[in-house]
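Accompanying notes for the structure given below.
The values are calculated or read from the model by the stated rules, or taken from the named source; none is laboratory data. Owing to the predicted nature of the structure, the values given are computational and were not obtained by experimental measurement. Please note: Cβ atoms are built from the backbone with ideal geometry, for glycine as well, and neighbour counts cover all protein chains shown.
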Amino acid sequence: MLLAGQLEEGHVDVTTAATDLAPLVESALASARLRTPEQIDLRLEQNGARAVALADEDKLRQVLVNLLDNAIKYSPDGGDVVVELAGGQGRVLLTVRDRGLGIPPGEQERIFEKFYRLDPALTRGVGGSGLGLFISRELVARMGGSLTVRSQPGEGAAFVVDLPAA
């Protein structure tokens, strides 16, 4: 909650630099595997080219951890969580995709609101503070990027971090 308040008050320093995203993602995936049920597969897919973005590495790591934690929490046994890296036209895209419950269309913008939580009936009772996506979107915006979601109920979700290329 402290970070959320600091973000709202503009008291969070973000320093961007050229950041190779593949090693950052591999490190975050290695950490996530330690707390992920073995029935869920975590992996990185990259379209060949290096994905180097203007980003604050520590803040982007926090965003990625938040997105991975959510994807893991909402994934069924036997599911997979894929982080995709792609770039082009001066942008770098980092997408965290799961095959979980999905998010109803009317809720997709609201999930980024501070303290907003989906109806527990839609989430199998998965808990959380309602701050992770709010903090993540704010941090990405301060790096000159955007965080959006694409989802259909029952088909999982894809959270897309769009950052300027270095």
message: Restricting to the range 84-97, give me the number of residues that are buried (at least 19 other Cβ atoms within 10 Å of the Cβ) and modelled with pLDDT under 95.
response: 1
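Results for (1) more than 16 Å from Ser136 (Cα to Cα); (2) of a type outside the set (D, E, K, R), shown as yes or no for each residue.
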{"residue": "Glu45", "(1), (2)": "yes, no"}
{"residue": "Ala49", "(1), (2)": "yes, yes"}
{"residue": "Val65", "(1), (2)": "no, yes"}
{"residue": "Leu68", "(1), (2)": "no, yes"}
{"residue": "Gly79", "(1), (2)": "yes, yes"}
{"residue": "Val82", "(1), (2)": "yes, yes"}
{"residue": "Gln89", "(1), (2)": "yes, yes"}
{"residue": "Val96", "(1), (2)": "no, yes"}
{"residue": "Pro104", "(1), (2)": "yes, yes"}
task: Would you mention how many residues in the range 37-73 are assigned to a loop (DSSP other than H, G, I, E, B), in contact (Cβ under 8 Å) with a residue 40 or more places away in the chain and either crowded, with 16+ Cβ neighbours inside 10 Å or of a type in the set (A, V, I, L, M, F, W, C) (or both)?
output: 3
